[in-house]
Amino acid sequence: MFYREAGDFSTTYSEDNQTFPIKFDRYRYYLVLLVGAVVVPFLINDYWANSLLIPFLIYAIAAIGLNILTGYCGQVSLGTGGFMAVGAYTSYKLMTAFPGLDMISITLLSGVMTAMVGVAFGLPSLRIKGFYLAVATLAAQFFLVWMFNKVPWFFNYSASGQISAPERDFFYFINLPVTGPNAEAWAKYLFCFLFVFVLSWVARNLTRGSVGRQWMAIRDMDIAAEIIGVNPLKAKLTAFAVSSFYVGISGALLFTVYLGAVEVGEVYGITKSFLVLFMIIIGGLGSIFGSFAGAAFMVLLPVALKLLLVDTMGLDTALSTHFQFVIVGALIMFFLIVEPHGLARLWALAKEKLRLWPFPH
Amino acid sequence: MKKLTMLALTSAMVAGTPAMADLVFPSLSYRTGPYAAGGIPFADGYADYMTLLNQRDGGIGGVETRVVECETAYNTERGVECYESTRGEGALVYQPLSTGITYQLIPRTTADGIPLHTMGYGRTSAANGNVFSHTFNYPANYWDAASVIVNQLLEENDGSLEGQTIALLYHNSAYGREPIRTLQTLAEQEGFTLTEIAVDHPGQEQGNQWLQIRRERPDYVVMWGWGVMNQVAIQEAVNTRYPMENFIGNWWSGADHDVESAGADAAGYRSLNMNRLGDMPVFADIQEHVIDAGLAAGDGSNLGNVLYTRGMYAAFLAAEAAALAQEMSGESEITPAHMRDAMEALVIDAATMEAAGMPGIGPEFAVSCEDHGGTGMAIMQQWDGENWVTLTEFIAPDDSVTQPLVEEDSAQYAEENGIEPQCTTG
């Protein structure tokens, strides 16, 4: 019914190996891209952009980043918030030091900076594993936040320690502000959409290439991986570098495009590390789609519930906030009991059923 | 490469809000989370006063007021969501009651042309109306508070703090860090030593901080705390047997719930307040028209306590500005632009406060284009174990200290964001 696969053959290896080997999936993916890139910018308003879509896209990047490290390479990290802060502060320093720089360069440079910091903090992973590594990255989290609070150079000696993003353009010949209060909602959205598209495309291709297979070998059994010729130093550090690059970009976008002003302890605290970790656990470890599903679940659901409870049902704001905790918590438990491997696995199972439907045997 | 069609479409969607028949005052409240104890009475006071105006006077100038509440939980990301979701309803003025959210809303509200009133919190240098056209922080700000506390201590110490040590126990956020610069300047000027002791969000763990205080025994501890941090600090001060008279909070660290848990042990603890306490005729009106009528925003138990009174005071200032805006524009259904102009021309004198049933609740002040900060005066109050007792009259800050700092900080902001002075100096 949904999947009509009659006549959908692969005649070459590359066709067989593509990300969406089923024609229906492929067209659906093109449709999502088309709607996201061409239709949504025309329909979007400030509320949809700033409350739903932009945070969703930004957290999706962070989730993909952490998924590369934790889901693909098996290195648990609780330093996501700290690495996001590195991205944000790099952006801030670049924006204020070089007023002529465009946002694409700033964001990419912030990612590169975070990748370097990530590699430095990834070094202990060569000796320690599992929970012990989680604690080591936790140290990174607390150290980085402490440093950004303590060293006034990072916040340009401002009285309150806050950093705020001035107005900067999309790209050096596209004079379209994407940060600051005068940026249009659709411009900010398209900017984030562009990053999400390119980064998830890169992530998908990295993870199924030789680098990704090395990561997965390390994840599945590091000793066996070493015996078959995977260099653990290279595999682990590239995973830390790529993961931090993504996380840094996400942190930079969260500050520059979404929030505009940031207080490091609040925005990039330990709760942010947990939030992103929960996203990939709920979405599905080792899955790009899972990163999107997890980000959507954690970002969109609370807002959707708020719209339902407060604006539609007219409930008291405090009561509805408590209800949100209960409902989101219950849903997390429900999904993890139904499918411990996350929403991505749930979707994969549903897809199998849909492909066979209506003749399951 | 501006895509004009896109611009037109998006702006058409934004502008397509329905015409409003009431005066909308969004309340970005927080009734959940570690700061709820302070957020609830403030939000109740704000909403109840607006309800009172509707019930007793039929609104402001014949137009009903409407408070739109949105829960932020003192979280900046949710603050953004709240701002975007309430803005379309024709919001006249925003009062986020959070310094972090204020920092985000300053550029946004300025771009959207909606005034932002951060009463005694937020960005201090916003007092410079020349740079911050849509941000108001009358009647007082943090740097005033720091200066007021030091002035009071000077008076108690016969004019000299030479050789004394003052510890600043602060919430490690934009809010807590605001007074540091002023206190540093004052320390240099008056010759006291300043120790900065940070407490991280949410402030439940202060063992280390109080160990340091116990070890160093500063002559005074000044606190910039909020939420659960206040209760913990006061309890810790009791536990370390720190002399409570030398422990002074700012105006966000001196509410009833902050000291009630320590009770009589906390007797002697002092704090600033920017609004006077005590029995005011307006409370009887609220009791009659709002609480007894079953229209109270909360359960009605907060009536008359410190933060309830302050929330009510905030609503009173907003309502006065709205009434002035109606008068100035000649229209009863005012826009945010009218509201901004009125806030800039606002004059609060004894007669206005008397007429609203809250005589002497705050200092008399007048706002101007250059000065969005008011007088900065505050009173000192003391907890006697059961009640807050007003100790002093309104104390003036030392403008010669705060004004240069305001100028410096706002100049930096203006430069970073390319802002031209808005006031035509005559």
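FYI, it's all coordinate maths here, none of it is from the lab. Computed from a prediction, not measured in an experiment: that's the story for all the values here. In this analysis, Cβ positions are derived from the backbone assuming ideal geometry, glycine residues included, and neighbour counts consider all displayed protein chains.
Some observations on this one:
- Cα gyration tensor shape of the range A:1-43, rounded if a/c is under 1.5, else prolate or oblate by comparing a/b with b/c: oblate
- Placed amide H near B:M223: partners under 5 Å, 5+ positions off or other chain: B:L169, B:I248, B:G249, B:N250
- Dipole axis of the protein assembly as shown (+1 Lys, Arg; -1 Asp, Glu on Cβ), positive-most option in B:G39, A:L277, B:G159: A:L277
- Within 10 Å of the Cβ of each residue in A:33-43, the mean number of Cβ atoms contributed by other protein chains is 1.
- 0 to 90° range, to nearest 10: angle between helix B:99-112 axis and chain B longest Cα axis: 20 degrees
- GNM remark for chain A: springs join alpha carbons under 10 Å apart, and the peak mean-square fluctuation among A:V39, A:V276, A:V211 falls on A:V39.
- Partner chain coverage, peptide B:72-79 - average Cβ within 10 angstrom: 4
- Close amide-amide hydrogen proximity is noted between B:R66 and B:L23, B:V24, B:F25, each under 5 Å apart and 5 or more residues distant or on a separate chain (H modeled in the peptide plane; Pro and chain starts excluded).
- Springs between Cα atoms under 10 Å define the GNM used for chain A, and in it the highest mean-square fluctuation of A:R168, A:R127, A:R345 occurs at A:R127.
- Charges were assigned to the Cβ only: +1 to each Lys and Arg, -1 to each Asp and Glu. The resulting dipole of the range B:66-139 about its Cα centre is roughly 240 debye.
- Summing charges over all other residues whose Cβ lies under 11 Å from the Cβ of A:A49, with Lys and Arg as +1 and Asp and Glu as -1, gives -2.
- For A:M221, net neighbour charge (Lys/Arg +1, Asp/Glu -1) across residues whose Cβ lies under 15 Å away: +1
- No Cys partner within the rule (Cβ under 4.7 Å), the protein assembly as shown: A:C73, A:C192
- 3J(HN,Hα) from dihedral phi, the range B:296-308, Karplus parametrisation 6.51/-1.76/1.60, rounded to Hz, x for glycine, proline: 5, 6, x, 8, x, 7, 8, 3, x, 7, 4, 6, 4
- Shape of chain A, Cα gyration tensor, a/c cut at 1.5: rounded
- Counting neighbouring beta carbons within 10 Å and listing from fewest to most, the residues A:M84, A:M116, B:M244 come out as A:M116, B:M244, A:M84.
- Estimated dipole of the protein assembly as shown in Debye, rounded to 20 [Cβ of Lys and Arg +1, of Asp and Glu -1, Cα centre]: 5020 debye
- A Gaussian network model of chain A, with springs between Cα atoms under 10 Å, assigns the largest mean-square fluctuation among A:G82, A:G130, A:G161 to A:G130.
- Per-residue HN-Hα couplings for the range B:310-326 [Karplus 6.51, -1.76, 1.60; θ = phi - 60°; Hz; x = Gly/Pro]: 5, x, 5, 4, 4, 5, 4, 5, 5, 5, 4, 5, 5, 5, 5, 5, 4
- Unsatisfied cross-links (Cα-Cα over 31 Å) in the set A:K236/A:K353; A:K272/A:K306; A:K93/A:K272; A:K93/A:K129; A:K129/A:K351; A:K188/A:K306: A:K236/A:K353; A:K93/A:K129; A:K129/A:K351
- Semi-axes of the equivalent ellipsoid for chain B, computed as √(5λ) from the eigenvalues of its C-alpha gyration tensor and ordered from largest down, come to 35, 25, 20 Å.
- Whole-Hz couplings from phi, Karplus 6.51/-1.76/1.60, listed for the range A:197-207; x for Gly and Pro: 4, 5, 5, 6, 5, 4, 4, 4, 6, 5, 6
- Across the range A:239-326, counting alpha-carbon atoms alone, Rg and Dmax equal 15.3, 47 Å.
- A cut-off under 10 angstrom between Cβ atoms defines the neighbours of B:R66, and their net charge, with Lys, Arg +1 and Asp, Glu -1, is -3.
- Chain B: relative contact order as a whole-number percent, Cα under 8 Å and 6+ apart: 21 percent
- Taking amide H as placed 1.01 Å from N in the peptide plane, B:F132 has no amide H partner under 5 Å among residues 5 or more places away or on another chain.
- For chain A, the Cβ-based charge dipole about the Cα centre amounts to some 660 debye (Lys, Arg positive; Asp, Glu negative; other atoms uncharged).
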